[in-house]
Amino acid sequence: MPLMPLMVRSLVRLLSALVSQPTASVTTLLYYSNLLPRNLNLERLVRRELLDGENHLFHFLINFLRCFW
């Protein structure tokens, strides 16, 4: 399977999540990047459905933040 359709689909999913639920998306990114403390108040904002297997750019951003922040 070519990579371009996977990346376009992943980009659309990432952008739609950031536009429709900006706070939950950013909180999820920071939470799984270990940049936010493990807190019950913050954990309510985390959306685990954003971490499905086909959301490659979301996983890339999480790993990028883990490595370089």
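Worth pointing out:
- M7 falls short on exactly one of the conditions (1) closer than 12 Å to L61 by Cβ; (2) in contact (Cβ under 8 Å) with a residue 24 or more places away in the chain; (3) not hydroxyl-bearing (S, T, Y), and that condition is (1).
- Taken as a whole, the structure leaves L50 outside the set of residues that are over 23 Å from L3 (Cβ atoms), in contact with a Phe, Trp or Tyr (Cβ under 8 Å, 6 or more places away or on another chain) and modelled with pLDDT under 90.
- If you go through region 15-69 and pick out every residue that is of a type in the set (G, A, S) and loosely packed, with under 12 Cβ neighbours inside 10 Å, you end up with 3.
- Residue list for region 11-47, filter: closer than 21 Å to C67 by Cα and not aliphatic (A, V, I, L, M): S25, T27, T28, Y31, Y32, S33, N34, P37, R38
- Scanning region 1-49 for residues that are assigned to a helix (DSSP H, G or I), of a type in the set (D, E, K, R) and under 11 Å from the mean Cα position of the chain (by Cα) yields R13, R48, E49.
The values are calculated or read from the model by the stated rules, or taken from the named source; none is laboratory data. In this text, all values refer to a predicted model and were calculated from it rather than measured experimentally. Here Cβ is always computed from backbone atoms with ideal geometry, including for glycine, and neighbour counts include all displayed protein chains.
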